[in-house]
Amino acid sequence: MYPILEKRLLAEGIWLMKIHAPRVARSAQPGQFVIVRADAHGERIPLTISDFDAAEGSVTIVTQAIGASTRKICALEQGEALADFAGPLGRPSEFVHLPLEEVRQRRYLFVAGGVGTAPIYPQVKWLKEHGVRADVIIGAKNSRMLIYTDAMRAVAENLYIATDDGSEGFKGMVTGLIEELVEQRGERYDECVAIGPMIMMKFVALTTRKYNLKTTVSLNALMVDGTGMCGACRVTVGGKTRFTCVDGPEFDGHEVDFDEAMRRQGMYRTQEQRAAAIEAEREAGHVCKIGLDK
Amino acid sequence: MANKIPRVPVREQDPAIRATNFEEVCYGYNQEEALLEASRCLRCKKPRCVEACPVGINIPEFIAALHEGKLQEAADIISADSSLPSICGRVCPQETQCEGSCILGIKGEPVAIGKLERFVGDWKLQNGAAPKATAPRNGRKVAVIGSGPAGLACASDLARMGYGVKIFEALHEAGGVLVYGIPEFRLPKQRVVAREIEAVKALGVEIETDVIVGRTVTIDSLLDEEGYDAVFIGSGAGLPRFMGIPGENLNGVVSANEFLTRANLMHAYDAEYDTPIYVGQRVVVVGGGNVAMDAVRTAKRLGAEATIVYRRSEKELPARVEEVHHAREEGICFRMLTNPTEVLGDERGWVRGVRCVEMELGEPDESGRRSPVVKPGSEFEIACDVVIMALGTSPNPLLAATTEGLETSRRGCITADEHGATTRKGVFAGGDAVTGAATVILAMGAGRTAAKAIDEYIRSL
């Protein structure tokens, strides 16, 4: 069991949890993920690591309660424990392995969307600690849904905010802000890293392609084991089938077939939605008499 | 003459009923039936069955002990060569091993050695004496990677010799392929697998789950930082293969590994569990091995019309004869000499069928099987919602990629000598990780062979 050391609400439905997992904390690197199972009946779901502290033996995850399993995880309280917390999985971000002199020559632009803001943090933090310059764009529906802004401000060279309704920062999509930075303000970047909803990453990649700006995306594909065994996370990158869990989760955003990736994410959606609806009915005191819950 | 008695039939669940549940298909012998079947053994002076057993179990002797009603003695005889009789009795391909060589099989039916082994194994799990006292702890530690048949066998032998043994398992539950791969209806998890694992733990073996060696820890950190004197790799062959045909990434195409892991390890068929599984109305399983049979019969149990598509003929099916027979009884449709060329999708990107070609058998290939060739102009379509690829698996490259000096073959299998020693000092390996996907009994045997080599290696330090 993996005790929850700390639990904090970051925005509506988005929870930060610091988990006691010393082995994972010792080996974790930016870009990697963990497989989490809430309890003995739970699903194994992949979550990108949002921070880690080897000395404390802790790993931080940020979860948005959207499906039955993420709601189950978010319902656990500080002092309770997750049944399983396996990792770190996947390959670390490319810059971790490159010669530092080379990485220091580069200027990074990070584009974070929604709950994807959290896994951007350990990457920007790593770069800051290694003397690499990185700007960060955080996008959200509105100012209330923004997360990690203070933490990010401490590690980013420049922090930009975009909200759909203009309640904070730039009014519009992150792609509009990228265009403004590059085209209006003449900012120059050597690499872009985008983490967020699949649809956001797709459009960030389309935008940066115009500038020939190398773009890395972190895919949140469906997985069961997370170690290369099931192949549920298959994704087409540059015309070749790759496994997100072992070949990724980070890929060249200009090579990813996002339409296929988004379609594959929905593989079990109807079933999940059905399960969630039945659960909601049950909570409301309704007992199904025609066997829909079977 | 003893061999005038016909082979004692084994009781099984009715096919029409079992095709709708996950209970074990075969009930096995009761004591009376087992003793009667045991009386059929001729106790050959030169027993061909022993030669044909991958681990050389002294079959006539255990059957003789069983015939005399000495069950503990029968169990001890098997234990000398096999640590997992309840499991091997259920999943070994007896028809190509012990039973395939039984002299009674020439004119009639061979002794039901597998069913007798299962009977003795199950008796031992329920009534057997506690494991013989292990040697005193010698203060040396061995790390075992993977808790499947190879790892369990290696760990229990080393623990008996006095080593401190810890098994590292990547998944949340111990058992490897016995838990994620082989379905409940063929190998009961609580009644058999969990008990075998408890027996290994009772010897003092520790099991740590959620540890992916190569990521969570490395072989080097186990040897250098955690103080292990040697490492045994029994990580199996878990990576699924796909065909590389168009349409394989459509929604509804899954590997047998994914499908079976969802059903077996994650209990997706049980409403109490959260993991989803998708079967649709019609399922096509591509392949002819045990995994293909397991997948197609699981799909059938989940309510689908289920079909096997295999490119060779029935004679070449690599699955156990009993599984093919059971699958047929359960109403599985078999389309032999058929090979998919494309998975067809609808406008939403979901599977709507498979395009196939008919095959005919040509010259024997290097494996001795006649290789299939396409019959020109034979293209046709099979309508379905789900396609399950059961084309075999290969070892995970993670350990080789993260361990200096650990060599692999071109097929990704870890290079090891006949004792299990790899190219890296202090690191041993066995089972599917070395051979590629094979059988439980070979993996178990390789684990035990490596345990001996590890003991010799540590003594020589």
B:Thr275 within 11 Å of chain A (Cβ to nearest Cβ), open to solvent by 30 Å² or more (accessible area, probe 1.4 Å) and over 27 Å from B:Cys92 (Cβ atoms): no
Members of the stretch A:211-248 that are free of Cβ contacts under 8 Å to residues at least 24 places away in the same chain, of a type in the set (S, T, N, Q) and within 11 Å of another protein chain (Cβ to nearest Cβ): A:Thr241
Unmet criterion (only one of (1) charged (D, E, K, R); (2) over 26 Å from B:Gln190 (Cβ atoms); (3) without any contact (Cβ under 8 Å) to a residue 60 or more places away in the chain; (4) open to solvent by 30 Å² or more (accessible area, probe 1.4 Å)) for B:Lys141: (3)
Filter pass, B:Leu361 being closer than 22 Å to B:Arg241 by Cα and either open to solvent by 30 Å² or more (accessible area, probe 1.4 Å) or hydroxyl-bearing (Ser, Thr, Tyr) (or both): no
Contacts under 6 angstrom Cβ, first residue in the stretch B:274-285 being more than 15 Å from B:Ser255 (Cα to Cα), partner open to solvent by 20 Å² or more (accessible area, probe 1.4 Å) and assigned to a strand (DSSP E or B), 6 or more apart: B:Arg282/B:Glu305
Positions within the stretch A:143-186 being out of contact with any Leu (no Cβ under 8 Å at 6 or more places or on another chain) and charged (D, E, K, R), in sequence order: A:Arg144, A:Asp150, A:Glu157, A:Asp164, A:Asp165, A:Lys171, A:Glu179, A:Glu180, A:Glu183, A:Arg185
Strands (runs of 3 or more DSSP E) wholly inside the stretch B:156-262 containing at least 3 residues that are open to solvent by 30 Å² or more (accessible area, probe 1.4 Å) and within 10 Å of chain A (Cβ to nearest Cβ): none
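A quick yes/no check of all residues on (1) closer than 30 Å to B:Pro93 by Cβ; (2) not assigned by TED's automatic domain parsing to the domain that holds B:Gly420:
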residue	(1), (2)
B:Val200	yes, no
B:Asp210	no, no
B:Ile219	no, no
B:Tyr228	no, no
B:Gly244	yes, yes
B:Arg262	yes, yes
B:Met266	yes, yes
B:Gly280	no, yes
Test set (1) more than 9 Å from chain A (Cβ to nearest Cβ); (2) of a type outside the set (Phe, Trp, Tyr); (3) open to solvent by 10 Å² or more (accessible area, probe 1.4 Å) - B:Thr298 fails condition number: (3)
Some residue of the stretch A:100-108 being crowded, with 24+ Cβ neighbours inside 10 Å and of a type in the set (Val, Ile, Thr): no
Qualifying residue in the stretch B:309-327 (condition: within 13 Å of another protein chain (Cβ to nearest Cβ) and not aliphatic (A, V, I, L, M)): no
Of residues in the stretch A:49-88 being small (Gly, Ala, Ser) and open to solvent by 30 Å² or more (accessible area, probe 1.4 Å), the one farthest from the other protein chains (Cβ to nearest Cβ): A:Gly79
Residues within the stretch B:119-156 that are of a type outside the set (A, V, I, L, M, F, W, C) and within 20 Å of the chain's Cα centre (by Cα), tallied: 8
Verdict on B:Gly28 being within 30 Å of B:His419 (Cβ to Cβ) and outside any helix (DSSP H, G or I): no
Some residue of the stretch A:36-48 being over 26 Å from B:Ala263 (Cβ atoms), open to solvent by less than 10 Å² (accessible area, probe 1.4 Å) and outside the structural domain of A:Arg188 (by TED's automatic domain parsing): no
Count of the stretch B:278-295 residues which are of a type in the set (D, E, K, R) and either modelled with pLDDT under 95 or open to solvent by 10 Å² or more (accessible area, probe 1.4 Å) (or both): 1
Hits in the stretch B:436-448 (condition: surrounded by fewer than 24 Cβ atoms within 10 Å (Cβ to Cβ) and touching a strand residue (DSSP E or B) at 6+ places or on another chain (Cβ under 9 Å)): B:Gly436, B:Ala437
Any hit, the stretch A:34-43, residues being over 15 Å from the mean Cα position of the chain (by Cα) and in contact (Cβ under 8 Å) with a residue 60 or more places away in the chain: no
Output for the stretch B:28-51, where each listed residue is among the aliphatic types (A, V, I, L, M) and open to solvent by less than 30 Å² (accessible area, probe 1.4 Å): B:Ala34, B:Ala38
Filter result for A:Val115 (open to solvent by 40 Å² or more (accessible area, probe 1.4 Å), more than 13 Å from chain B (Cβ to nearest Cβ), hydrophobic (A, V, I, L, M, F, W, C) and in contact (Cβ under 8 Å) with a residue 12 or more places away in the chain): yes
Residues satisfying the stated conditions in the stretch A:207-219, i.e. under 9 Å from A:Gly253 (Cβ atoms) and not in a strand (DSSP E or B): A:Thr208, A:Arg209, A:Lys214
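The values are calculated or read from the model by the stated rules, or taken from the named source; none is laboratory data. This is a predicted model, so every value here is computed, not measured. Note that we place each Cβ from the backbone using ideal geometry, even for glycine, and neighbour counts take in every protein chain shown. Please note that ligands, DNA and RNA were not included when accessible areas were found on the heavy atoms of the full protein model with its side chains. Shrake-Rupley method; radii C 1.70, N 1.55, O 1.52, S 1.80 Å.
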